[in-house]
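K.L.:
So that we are looking at the same thing, I have put the structure below in C-alpha cells.
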Amino acid sequence: MSTSREEVLKAEAEKHIPPGYDPELYKIRHSAAHIMAQAVMERFPGARIAIGPPVEDGFYYDFELPRSPTEEDLAWIEERMREIIRGNHPFRVREVSVEEARELFKDQPYKLELIEGLARGQYDEYGNKLPEDQRPRITVYQHDTFVDLCRGPHVDHTGKIRPNAIKIMQVAGAYWRGDEKNPMLTRIYGTAWRTSKELKAYLRRLEEAKKRDHRRLGRELAIFALEPELVGPGLVLWQPNGAVIRDQLERFLKDEQLKRGYQPVYTPHIARVQLFQTSGHYPYYADSMFPPLTVDEQEEYLLKPMNCPFHILIYKQRLRSYRELPIRYAEFGTVYRFEQSGEVLGMTRVRGFTQDDAHLFCRPDQLEAEFKSVIDLTLTVFRSVGLTGFRARVGVRDPESDKYVGDDEVWEQATRAILKALDDYDFEYTVEEGEAAFYGPKLDFVVRDVLGREWQLGTVQVDYNLPRRFDLSYIGEDNRPHRPVMIHRAPFGSFERFVGILIEHFNGAFPPWLAPVQAVLIPIADRHLEYARRVAARLFEAGFRVRVDESDKRMNAKIREAQLQKIPYMLVVGDREVEGENVAVRLRTGENLGPMSVGAFEALLGEVVAARALTLSLQ
Ligand SMILES: [Zn+2]
Ligand SMILES: [Zn+2]
C-alpha cells in the first residue's frame, strides 16, 4: 500500500470525531483504548475483544475474559500500556476486503459479527451487490502486534501519548450491543490526557465532584428527598430548604419575565389524548410518556409531557392581529416524562419536573429582537448564580437531509436572525450542522461550572411544526392570514435539574439571596436566649430567613453545626452583645466581622441580598 493511500484513509478517519470533542484528545483516547486491548490480550491470552470507543473524559474497551480482572491484573495492564507507549509504534491503517477481514478476526466472534454487519452494507435492500464505489469501507488499524477492525482516527504513533497521562479507572459489566439478551462482557474504563498535569487535574475534579454530589448534599442539607418505593422513581419531594431556593429562583425569573413583556398563564396537568394527537406527540413519543388514564372506558387522558399545546390553545382563543405580536406566555409548568428507570438520577434526571417554560408567538421579522431578548434574559439568569463561563451552540439543518418541515426560506431567515442576535454578544459560539430539530433551528447554552464540567442549559427552539399542526394564524397588515413563528424557551430548563446543578456548583453553600437560612442566632448561654429571640424576630420582620439555635449544645458545637448546614451568617450573642445591643458576626467562611449593631447587620444582609451578591459582604 502506498503511503499516500494511507494518508487518504487517515484524513477520512478524522470525520469520525464527534462535534465538540477535542480532536487531539479523541485520537489519544481512541489509541489508548487499542493499547489497553493489546495489554489485556497479553494478560488474558484467548480473550475476546468487542468494541472500544472514546467516551467523555476517557475511553473503554469491552472484553470477554476467562475471569474478572483483579487489582493486580489492572495494575499489570496499566504498566504494560506504558511500555507499549514507550515503544513508539506507528498506527498503520489499511483497507481490507470482507474475506480478508473474516480471516484476520477468525478467532474473534464479536468482530466477525461486526464484519458481517459491514458486509451486509455491501448489498442493497433487494440483495443486489452495490457498485464498488458505494461500498462501505472496511479498515483495520495496527500498532505493534495489535490489529483492530477500526475506522480511526488515531495518533500517528504510540509515542504521541504520554505514559504518565493515562490511567485505568474502573471495571463494569456491559451487555454486547447494549442488549440484555446478549452475553455480559467486561468493560474496562480508562482515561487519557495530553499531560500528567491534565490527568491530575481531572482526577482532582472527580474527587471534588464526588464530595459535591447533589444527591448526598441534597440529603444532608434537607433540600429534597426521593421515595422511590412509595412515590416512585424520579419524582422529587422538595423539602422546606429546597422550596426556599426554588421559590427565590421563581420570583427572580418571574420579575425578569414581567419586565420583558411576558404574560403568566396556568394550564392543567392532564389533557385528553386528542390534544397530543393534534400536536403529534402521541403516539410518536408514547414511549417517553406515562400511559394514558382511561375514564369510563372511553375518554383517555395523558399526563402532559410538555406545556406547548396548552399555550397554543390560549393563543387560539381569538383572532390575532399583527399589532398584538409578539405574544409571550410563561408558565412554571410541571411535566411528566417516562425516563427509563436506569436513567433516573437524583434531581438531574427525573420523571416529573417543572420547566421555567415560555412560548413566544411572533412575526418572522420579529425573530431577531425576540432572540436578543431571550439571550439577554438567559445571561441575566446565569450571572445571578455566578455561571459566567458559557458558550452557545446553534443547531442548523443538515443541508443533505429532507426531514425538515418549513420552507428553506424561513429556515434561512431564522438561522440568520439567531446569528445576528449572537453577534451583539462576545461569547463564543459554534454553528453545528444537522443539530437542528426537524421542526426548526435552535440555540442552546453550554455552561461550565466551578469544576469545569459542562452542562447544557437554556435551550431556545424555533418551531415551524406546531403552528402548522394547530393551524395558527394572525391577520397581517395586508389583511390576510399569516402563520406566526413559535419559539420555545426555558433558561433554567427545569427547577429540579437547575437546583441539582446549583447544589454542586455552590457545594451546598448557597449565596445569601438563595440560602434557605440566611443567619442563625447563637446564644452563648441560656440567659442570652431571650435576646437572641428578640433579634431574630426583628430580622424576620425585616424579611430575612433567620433562626435561633435553641439547643443546649456548647457554643463551638453550635458554630460547627451552622457551618455544616452552610448557613452564611452566624450571629453570636453573649453578655457583651446583650448589653451593647449588638451581634458578633461570623461568616461560614470562618472570617469574623466582629460585633456590630443589629441595624448594621440588617443593612449589610439587605445589601448583599438585593445585589444577589455571591460573596457574604460587599466590602
Ligand atoms: Zn479503534
Ligand atoms: Zn414548548
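Computed from the coordinates by the stated procedures, all read-outs in this text should not be read as laboratory data. Small disclaimer: the values here were computed from a predicted structure and weren't measured. Neighbour counts run over all protein chains shown; Cβ positions are idealised from the backbone, glycine included.
K.L.:
Report the local net charge at residue 48: Lys and Arg +1, Asp and Glu -1, summed over other residues whose C-beta lies under 15 Å from its C-beta. Walk me through the numbers on the way to the answer.
P.N.:
Details: positive: 43, 67, 106, 111, 177, 187; negative: 42, 62, 64, 107, 113, 148.
With Lys, Arg at +1 and Asp, Glu at -1, the net is 0.
K.L.:
How much net charge surrounds residue 341 when only the other residues with a Cβ under 11 Å from the Cβ of residue 341 are counted, with Lys and Arg +1 and Asp and Glu -1?
P.N.:
Values: positive: 349, 351; negative: 339, 343.
So the surrounding residues net to 0.
K.L.:
Right, something else. Determine the gain in length on full extension of the stretch residue 426-residue 537; use 0.36 nm per residue of separation and subtract their C-alpha separation, reporting nm with one decimal.
P.N.:
Numbers: separation 111, 0.36 × 111 = 39.96 nm, distance 4.66 nm.
Stretched out fully, the residue 426 to residue 537 stretch lengthens by 35.3 nm.
K.L.:
Taking 0.36 nm per residue of sequence separation and subtracting the Cα-Cα distance, how much length would be gained by fully extending the chain between residue 610 and residue 83, in nm to one decimal?
P.N.:
On the way: separation 527, 0.36 × 527 = 189.72 nm, distance 5.93 nm.
Separation in residues times 0.36 nm, less the Cα-Cα distance, equals 183.8 nm.
K.L.:
Percent relative contact order of the chain, based on C-alpha pairs within less than 8 angstrom and at least six residues apart?
P.N.:
On the way: 1055 pairs, mean separation 59.9, N = 619.
For the chain, the relative contact order is 10 percent.
K.L.:
Label point 7 Å out from residue 216 along Cα-to-Cβ: which residues of the stretch 222-256 have amide N under 19 Å?
P.N.:
222-226, by backbone N distance to the label point.
K.L.:
For the stretch 3-206, what is the relative contact order in percent, using Cα pairs closer than 8 Å and at least 6 residues apart in sequence? Let's see the in-between values first.
P.N.:
Numbers: 322 pairs, mean separation 56.4, N = 204.
Relative contact order here is 28 percent.
K.L.:
Let me ask you something else. Counting other Cβ atoms within 10 Å, keep those with at most 16, restrict to DSSP loop, and tell me which trypsin sites (Lys or Arg not before Pro) in the stretch 41-119 are left.
P.N.:
When the trypsin sites (Lys or Arg not before Pro) of the stretch 41-119 are filtered for loop state and at most 16 Cβ neighbours within 10 Å, 67, 106 remain.
K.L.:
Among 512-520, 161-169, how do they line up by average Cβ neighbours within 10 Å per residue, starting with the highest?
P.N.:
Working: 512-520: 22.8, 161-169: 19.1.
Most protected by this proxy first, the peptides run 512-520, 161-169.
K.L.:
Hey, another quick one. Starting from the Cα-Cα distance between residue 72 and residue 231, subtract it from 0.36 nm times their residue separation and give me the gain in nm to one decimal.
P.N.:
52.9 nm
K.L.:
Which entries of 10/160; 372/420; 27/106 have Cα-Cα distances beyond 19 Å here? Don't skip to the end; give the middle numbers.
P.N.:
Numbers: 10/160 16 Å; 372/420 9 Å; 27/106 27 Å.
Long pairs (Cα-Cα over 19 Å): 27/106.
K.L.:
Can I ask one more? 7 Å from Cα along Cα→Cβ at both residue 340 and residue 552: what's the point-to-point distance in nm?
P.N.:
It works out to 5.6 nm between the two label points.
K.L.:
Using amide H atoms built in the peptide plane, which far-off residues or other-chain residues are under 5 Å from residue 51 H to H?
P.N.:
For residue 51, whose amide H was placed from the backbone, the distant partners under 5 Å are 62.
K.L.:
Oh, and also: Could you give the distance between the Cα centres of the stretch 591-619 and the stretch 404-459, to the whole Å?
P.N.:
After rounding, the separation between the Cα centres reads 40 Å.
K.L.:
For the chain, what is the mean residue ellipticity at 222 nm derived from helices alone (per DSSP H run of n ≥ 4: -39500 (n - 2.57); sum divided by total residues; nearest 500 deg cm²/dmol)?
P.N.:
Working: 18 runs with 217 residues, N = 619.
Only helices count here, giving -11000 deg cm²/dmol.
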